[in-house]
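Heads up: the structure comes next, in C-alpha cells.
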Amino acid sequence: MTLGIRAASEADLPAVARIVADTPLWQRYGVTRERAEAALAAGRSRGDALSVAEDAGAVAGLAWVLPAGGFGRSPYLKWLGVRSGATSRGLGAALLRAAEASAQVIRPELFLLCSDFNVGARRFYEREGYRRVGALPDYVLSGVTELVYFKRW
C-alpha cells in the first residue's frame, strides 16, 4: 500500500465529491456530488483545511476542518471519510491525524459531530481520545441525534 496524506488541490475536488456522494451516510443527509463539490470549493476558497488521502495514486479519502467552526472559536471537523473499499486500512486514522495537526495550529482542540446511528464512527472517535460532551436531537435530520465530540491536547 502506498499511502500519502496531503492538502487537497482544486483538481482533487471532483474525486473527493464522488467519495462523499457515494457514501451512504452522506446520501442519508441528501449530499449529492454537485453539492459536495460546491461546498468543498467554497471551503477551499475560504482557506479551510482540506486534506486528502492517496492510496496507490488515487484519492481515497478526505478530512475537512473549519478553523473556527466550533462555536466561532474552535476548529471543527466537518467531514472525514474514506472511499468504499479502502476502509479498515488506517486511512481514516491518518486523515484524522492530519485534521488534528491543522487544528492544533489554531487551538489545541477539535470538535466534531457524529450521528447517533453511526456506531462504528462513534467507536473510532472514542478510541482516538474524543469525549462525547453533548447531544443535539433532530439537529440536521428529524429522528437523528447528532452527538458532540471534543478532544483537547
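Rule-based calculations on the coordinates, nothing more; no lab input. Since this is a predicted model, take the numbers as computed values, not measurements.
Starting from the Kirkwood Rh over alpha-carbon pairs, what translational D in µm² s⁻¹ does the range 28-153 have by Stokes-Einstein at 37 °C and 0.692 mPa s? Translational diffusion coefficient: 218 µm²/s. Around the amide H of R83, modelled in the peptide plane, lie the amide H atoms of G61, all under 5 Å away and 5 or more residues distant in sequence or on another chain. Once you have a ≥ b ≥ c as the square roots of the Cα gyration tensor eigenvalues for the range 1-44, tell me rounded if a/c is under 1.5, and otherwise prolate or oblate according to whether a/b is larger than b/c. Taking the square roots of the gyration eigenvalues as a ≥ b ≥ c, the range 1-44 is oblate.
With θ taken as phi - 60° and the Karplus curve 6.51 cos²θ - 1.76 cosθ + 1.60 applied, the whole-hertz 3J(HN,Hα) list for the range 123-131 is 4, 4, 5, 5, 5, 8, x, 7, 9 Hz, x standing for glycine and proline. Translational diffusion of the range 14-86 was estimated from the Stokes-Einstein equation, with Rh taken as the Kirkwood radius over Cα pairs; at 4 °C and 1.567 mPa s the coefficient is 103 µm²/s. A simple rule links phi to the HN-Hα coupling: the Karplus curve 6.51 cos²θ - 1.76 cosθ + 1.60 with θ = phi - 60°, which for the range 27-34 gives 4, 4, 8, x, 7, 9, 4, 5 Hz, with x for Gly and Pro. Put simply, the convex hull of the Cα atoms in the range 89-153 casts, on average, a shadow of 4.6 nm².
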